[in-house]
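Input: a single structure, listed below in structure tokens.
What follows draws every value from the coordinates through simple rules; no lab data is involved. In this text, all values refer to a predicted model and were calculated from it rather than measured experimentally. For neighbour counting, all protein chains shown are included, and Cβ atoms are generated from backbone atoms with ideal geometry for every residue, glycine included.
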Amino acid sequence: MFGTCLIHPSEKTDIPTVTLASVDGLHSCSIFTYGATVISWINNGKEKLFVSTEAYMDGSKAVRGGIPLVFPQFAQPNPAMAQHGFARNQIWEILGSFSESDSISAILRCKTTEETRALWPHDFCLLYQITLSATKLITSFAIYNPNDNDIDFQCLQHTYLRIPHITTVAVSGLQGREFVDKMRAMNKYTEENDTICFREETDRIYVALQQSGDQASAPSVVNLVDAAIGPMMKCTSGVHRMEPQSADVAQLLQTALIDEKNSNFWIEYTGQWLHSPIHEDIDVVVWNPWEAKAKALVDLNDDGYFDFVCIEPGLVSQPTKLAPLSLLLLTQILEVSN
Ligand code: BG6
């Protein structure tokens, strides 16, 4: 057995937090069920994620840091709905956990409520599997469409990576990609540099590479490198779509996703995700607010922007369509290089 799972009250609220920890005490991760936000990932005794010291940890605002989940909108195309949607502000249910020889996982779920229906008039079921191992944190965010019509949405994992200093790190792996620059009137450019350094506010959507025919495209691999430390983190991400094979399977899934409370079902069902091949490439947002924006954000201390860079995989450059009874899996693999 690699580790254990503990459900406990959070520091500032009774909303539970789930902590996965390795038996040897070297690795752990914590998931605040408010937003299913991963708020800590410790690898070999070192914290790898950034959470602002000013973050609201009482369930009154999305957490500034960790890995908030964005759904069903990115930014605010619908001004009646909050920026980045509502998933990061819902309390998610804990469905279960399971340990294997080299990893431990937890599974959380979020479903339609009257409140979400008023903001977005569709049913949905979100599942989130977090897997901790000695070298990786794998987060698989699944969106299931239980409706009998297509749904359109945007989704993303808003990952805040802890860094020594914003001026010493660089991001590589995006050369040749088209990006939408939010800092330059949403104009599109092609990335010419093999590494991206940070000297000012940076807010870019690197658009997924086009798929060619039926051929599965490669996942996105983005590396975070520090001038003194060298390679720090490899961030691999992509999308896998599962269509129901037959009406019977669809029916089973439908019933299970909406009603099933039995954690064994989930463990068996979502345990298979880890081995899902990535079918589609993904957009990657690269964000650092820099000085003025950090000052303007109430939940970030003025110097907070020194300590993180966001590398955020998602489907955001345009809404994605999901067919009835289908499931979309957005996987992120964070692997420690150093
Ligand atoms: C990024 C966006 O994903 O999230 C930025 O590209 C945005 O434009 C940032 O400022 C933070 O958003 P929020 O809602 O958490 O303050």
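Taking the alpha-carbon centroid of each part, what is the distance from the range 283-338 to the range 129-160 in angstrom?
Computed from Cα coordinates, the inter-centre distance equals 13 Å.
Could you tell me how far the Cα centroid of the range 17-38 sits from the Cα centroid of the range 60-124, in Å?
Answer, in whole Å: 17.
So what's the projected area for the chain, the Cα convex hull averaged over all directions, in nm²?
Value for the chain: 16.8 nm².
In the structure shown, do any of LYS182/LYS293; LYS61/LYS293; LYS48/LYS321; LYS111/LYS321; LYS136/LYS188 have a Cα-Cα gap over 24 Å, and if so which?
Over 24 Å apart, Cα to Cα: LYS48/LYS321; LYS136/LYS188.
Rounding to the nearest 20 debye, state how big the charge dipole of the range 56-147 is about its Cα centre with +1 on each Lys and Arg Cβ and -1 on each Asp and Glu Cβ.
Working: 7 positive and 7 negative charges, 48 e Å.
Around 220 debye, computed over the range 56-147.
Of the candidates LEU224, LEU252, LEU327, which one comes out as most mobile in a Gaussian network treatment of the chain with C-alpha springs shorter than 10 Å?
Residue with maximal mean-square fluctuation among LEU224, LEU252, LEU327: LEU252.
When SER337, SER105, SER317 are ordered from fewest to most other Cβ atoms inside 10 Å of their Cβ, what list results?
On the way: SER337 13, SER105 25, SER317 19.
Listed from fewest to most nearby Cβ atoms, that is SER337, SER317, SER105.
Compute the relative contact order of the chain as a whole-number percentage, counting only Cα pairs closer than 8 Å that sit 6 or more residues apart in sequence.
After rounding, I find 20 percent.
If packing is taken as the mean number of other Cβ atoms within 10 Å per residue, what is the order of 227-240, 154-167, 291-304, 61-74, highest first? Can you show the working numbers first?
On the way: 227-240: 18.0, 154-167: 21.1, 291-304: 14.6, 61-74: 24.4.
The densest-packed peptide leads the list: 61-74, 154-167, 227-240, 291-304.
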